[in-house]
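The values are calculated or read from the model by the stated rules, or taken from the named source; none is laboratory data. What you see is a predicted model; the values in this text were computed from it and never measured. Every residue, glycine as well, gets a Cβ built from its backbone with ideal geometry; the counts of neighbours run over all protein chains shown. In case anyone asks, the SASA skips ligands and DNA or RNA and just uses the protein heavy atoms, side chains included. Shrake-Rupley method; radii C 1.70, N 1.55, O 1.52, S 1.80 Å.
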Amino acid sequence: MEFPNHHRQIVEDLMAGKFILPTERTFEVLKENEDFYEHFFKASFNFELKFTQDYAYLVSDETNEMLSRDMCIFIALLSYELDRDGKNFLERIQYSEFEIEEIENYFTNSSYIDLILSNKQLKDAESRRNFINTLNRRNIIEKIGDNRFVFTSAHKFFMDFASDIVKFENVKD
Amino acid sequence: MKAEPRTILRFLLEYFDIITDLYDTQSKDGIITFEVLNQITEKHGFDIKIQLLEYKVLSNVNENYEIRTVYYNLIEFILSEFKPMLPETIEKYHISIAELFRKIREQLNGDKVLLNQRIAELSNEIRSFYEMVEKNTISLLNETRELKANVKKVDYREKIIRASRWIDEYIIPLNKILDINHSASIANKLYDVSEFSNKYRLNFDDENTRVQFERLYFQLIQVNDNLLRQSKILTNELLPLIERIRTESIILTGWITYLKNPYKQKAPKILKRKEVTVYSPDTFFNAAEIFEQFKNEEDVYFDEEEVEAEKWIFDKEHYTQKLKENLPVDNFFKWCNKTLKDDYKKVEIEKFFALTSLAFDENLLLEYTAKPEYEKIKINDLTLTVPKIKINNHGIS
């Protein structure tokens, strides 16, 4: 049986919980073989392949909720602090580079400091640095050297989640 | 007594701060009460109530006041502080323009004076329509930019509501009015008027009417260009800007809601990474090894392993006894060879050497000539040269 090009890379990345991005050559292969990979992951592992124009990733019933929650807290806090600072948070996250120092300033001076201190992955500078590396491994950010990074298009996954909170609340109301 | 126009204009200039305050009050409350009028004039230190009424800037409404429309529009225009108008208000021009145009077409050969008056009216209506569209675009842009900068610290939910309202109630309907491709739009109607006036500005028997049509035609060229520009502002700038405010506000509201209690909220599903990787450097070879054993379809036979001969252990006592029984032995090495041949048929070299070790038994009396005599013994393929040794006795003789 013949597999699409870069099959091994695609499987390795997705199984490692990474987001595959449009900038990667594997994204195009996934796009061309979306049906195959949907079936492949469902039949092989009972995982669901989610494919959008901005990212592709795998979902299973066995989900890493703790990591996902901390990622949401990280992005939520950053969005809130950027907005409070008079910045256009969505544009900054979409298009700008961040310095670790800037992140540190926002987190150490945040009014959500109690929440930050209670979170193992975000409580101090070292934890946050490790957490940023986790985000990098998952392709949610791309590190540029040791002290800078940009968000990838995978950030939209979390922004969509935030929008859904409001929509869901409106439905409840 | 009618006031001098210059006097009125000078009055407006001199007391413009008071007039602006009155304008703000009316814009906000819809009316200027007697008390507010007194407060404003007292604040600025000038009692100009009489002049305001005398110059017809204000008019009485029951016991209150309002700025006359002509002055209100003037100040509004000067300050560029227009309030967005509902498209329904603009839509009324559709009726007036369509009606005038219908009458012009139907009574083209009727009374020329009336025709010219109708063309002039049509031109006025078109001008008013365009001004209203322009005012609306400016006001929407101002409001949007203000909301974007959020100087008034509007709550995120309120931002979503406002942005949604502007999109749904103002911009989209206004865009429909300006959409020339939409047959029911005012822009489309203006296009018909333009075609019509173009035809009759060149081909009409009355010169005055030709000139009127010519003016209308050039006015419409300008208006169409301007409307196109307004439409572009709406679709290219305003709509994305408001859409963005709405999206941002929704996301931020979502995050703030989430941050209230992230530990009780559901998190989005992301894959739990497993330590076992599907591919490892060895997996391929391991899998290949497993599958390769099934690949060969030929029958596989296993030869029965030969039962290994029991390991031979030299029984010294047995052979010492045997030697004793055979004494005297003239040639010890020959005796060894013969004994083994009798026992095993085939003499193996290790057995031979084991047996010859009896010669070192201290109890054996060995005899050999002073000059050694040698002879050859053949053991399988090996020929050994050994001395001739005689054994007469065992033990002390």
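Points to keep in mind about this one:
- Selection of the stretch B:150-161 for residues being assigned to a helix (DSSP H, G or I), free of Cβ contacts under 8 Å to residues at least 24 places away in the same chain and open to solvent by 70 Å² or more (accessible area, probe 1.4 Å) yields only B:I161.
- Test: B:S194 is open to solvent by less than 30 Å² (accessible area, probe 1.4 Å) and within 14 Å of chain A (Cβ to nearest Cβ): no
- When residues in the stretch B:89-108 are screened for being at pLDDT below 90 and under 14 Å from B:S123 (Cβ atoms), 1 of them pass.
- Filter pass, B:L239 being touching a Leu at 6+ places or on another chain (Cβ under 8 Å), of a type in the set (A, V, I, L, M, F, W, C) and away from chain A (no Cβ under 14 Å): no
- Comparison of B:A267, B:A309 shows that the only residue that is over 30 Å from B:E146 (Cα atoms), surrounded by 14 or more Cβ atoms within 10 Å (Cβ to Cβ) and either modelled with pLDDT under 80 or facing chain A (nearest Cβ under 9 Å) (or both) is B:A267.
- From B:S183, B:S164, residue being at pLDDT below 90, assigned by TED's automatic domain parsing to the domain that holds B:E134, over 26 Å from B:Q117 (Cα atoms) and in a helix (DSSP H, G or I): B:S164
- Near pairs, Cβ below 8 angstrom, 6+ apart or cross-chain, from the stretch A:148-170 (acidic (D, E)) to any residue that is assigned to a helix (DSSP H, G or I): A:D164/B:G254; A:E169/B:T257
- When every residue of the stretch A:65-77 is checked against the conditions, none turns out to be over 20 Å from the mean Cα position of the chain (by Cα) and farther than 30 Å from B:D155 by Cα.
- Some residue of the stretch B:44-54 being touching a residue at least 12 places away in the same chain (Cβ under 8 Å) and under 24 Å from B:K135 (Cα atoms): no
- Subset tally (residues that are of a type in the set (G, A, S) and touching a helix residue (DSSP H, G or I) at 6+ places or on another chain (Cβ under 9 Å)) for the stretch B:358-394: 1
- Residue check for A:D70: free of Cβ contacts under 8 Å to residues at least 60 places away in the same chain and in the same structural domain as A:S163 (by TED's automatic domain parsing): no
- Applying the condition of being of a type in the set (K, R), open to solvent by 80 Å² or more (accessible area, probe 1.4 Å) and not in a strand (DSSP E or B) to the stretch B:340-387 and asking which residue is nearest to B:K324 (Cα to Cα) yields B:K341.
- Enumeration of residues in the stretch B:162-186 that are surrounded by fewer than 21 Cβ atoms within 10 Å (Cβ to Cβ) and small (G, A, S): B:S164, B:S183, B:A184, B:S185
- Summed over the stretch B:63-91, the residues that are part of a helix (DSSP H, G or I), of a type outside the set (V, I, T) and loosely packed, with under 14 Cβ neighbours inside 10 Å give a count of 3.
- Residues of the stretch A:4-26 satisfying the condition of being farther than 13 Å from A:N139 by Cα and away from chain B (no Cβ under 12 Å): A:P4, A:N5, A:H6, A:R25, A:T26
- One residue stands out among those in the stretch A:51-73 that are surrounded by fewer than 15 Cβ atoms within 10 Å (Cβ to Cβ) and more than 7 Å from every other protein chain (Cβ to nearest Cβ): the one that is modelled with the lowest pLDDT, which is A:D61.
- Residue match in the stretch B:257-264 (condition: modelled with pLDDT of 80 or more, aromatic (F, W, Y) and within 29 Å of the chain's Cα centre (by Cα)): yes
- Filter pass, B:N226 being more than 20 Å from the chain's Cα centre (by Cα), modelled with pLDDT of 85 or more, more than 14 Å from chain A (Cβ to nearest Cβ) and open to solvent by 10 Å² or more (accessible area, probe 1.4 Å): yes
- As a summary of the residue check, B:I50 satisfies the conditions (1) surrounded by 12 or more Cβ atoms within 10 Å (Cβ to Cβ); (2) more than 30 Å from B:D206 (Cα to Cα) except for the one numbered (1).
- Members of the stretch A:24-35 found to be open to solvent by 60 Å² or more (accessible area, probe 1.4 Å) and farther than 15 Å from A:Y57 by Cβ, listed by number: A:R25, A:E28, A:E32, A:D35
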